Amino acid sequence: MTEPRAETTRTARLLLIEDDDRIARLIARTLSDEGYHLDRAATGPSGLDAALAGGFDLVILDLMLPGMDGTVVLQRLLEQRPEQRVLVLSAVPEIATRVACLEAGAADFLGKPFAIAELIARVRSRIRVRAPGPANDVLIVGPVRLDLRLHRAEVGGRLVNLSYREFMLLCHLMQRAGRPCSRAELLEDVWEMSFDPGSNVVDVSVRRLRAKLDHPDRIETVRNVGYRFNVD
């Protein structure tokens, strides 16, 4: 049974970091109508301070900001709060910009101009609250334990701070433990890219994940294919 929308959205808190008043008003009105609580910051420094204070289910971040570039805000925010989900907005059309933000740990990227319906869909997908469920809310493979509902990762009982993208990558690999996952599959399922951006975004994320897990051989490189999460 589908849950009523009010149960999944009414308590969600969003932070919008956007200097354009017209766009900010449009986004604020749209998301308020959807039942979200929205705070706004108009500069890079004030947005970073607000985001670091915590308590937001999603940060919506413009890249072209006064006082501090949005890419710097993204980097500094995720350095201190790697679990924070960030949806980047940008009028910069280059694929390289999108890839750089995703490599830095952004949960999603939406180009300007954007359709209101797509913005709503992206926000919903990034902060969707899942109802408590049975054992399938927890993945355990070897010493690695993932709580899918709380987005919590542990290795041998030790809490590991993962970015949203790192968590989704690890989840994908663990759900398919023992079999190879191609880079194209990971790009489509984890990064939601139906094309190869011509970068090593997957490889960079795997390297970071290996370092955080402290088990570099747990994620094996499968030559000419991709990666496999080893069971043993």
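The condition of being over 24 Å from residue 98 (Cβ atoms), not in a loop (DSSP other than H, G, I, E, B) and not acidic (Asp, Glu) does not hold for residue 208. When the residues of region 13-65 are filtered to those that are among the acidic types (Asp, Glu) and part of a loop (DSSP other than H, G, I, E, B), the one that is nearest to the chain's Cα centre (by Cα) is 57.
Checking each residue in region 33-63 for being surrounded by fewer than 21 Cβ atoms within 10 Å (Cβ to Cβ) and in contact (Cβ under 8 Å) with a residue 40 or more places away in the chain picks out 34, 55, 57. Of all the criteria given as (1) in contact with a helix residue (DSSP H, G or I) (Cβ under 7 Å, 6 or more places away or on another chain); (2) of a type outside the set (Phe, Trp, Tyr); (3) modelled with pLDDT under 90, the one not satisfied by residue 54 is (1). Residues satisfying the criterion are absent from region 170-181 (criterion: at pLDDT below 90 and either loosely packed, with under 12 Cβ neighbours inside 10 Å or of a type in the set (Asp, Glu) (or both)).
Taken over region 168-187, the criterion of being without any contact (Cβ under 8 Å) to a residue 40 or more places away in the chain and under 17 Å from residue 126 (Cβ atoms) is satisfied by 168, 171, 172.
Residues in region 88-108 that are hydrophobic (A, V, I, L, M, F, W, C) and either surrounded by 22 or more Cβ atoms within 10 Å (Cβ to Cβ) or over 18 Å from residue 20 (Cα atoms) (or both): 88, 89, 95, 96, 99, 100, 101, 102, 104, 106, 107.
The values are calculated or read from the model by the stated rules, or taken from the named source; none is laboratory data. This structure is a prediction, so every number in the text was calculated from the model and none was measured. Cβ atoms come from the backbone with ideal geometry, glycine included; neighbour counts cover every protein chain shown.
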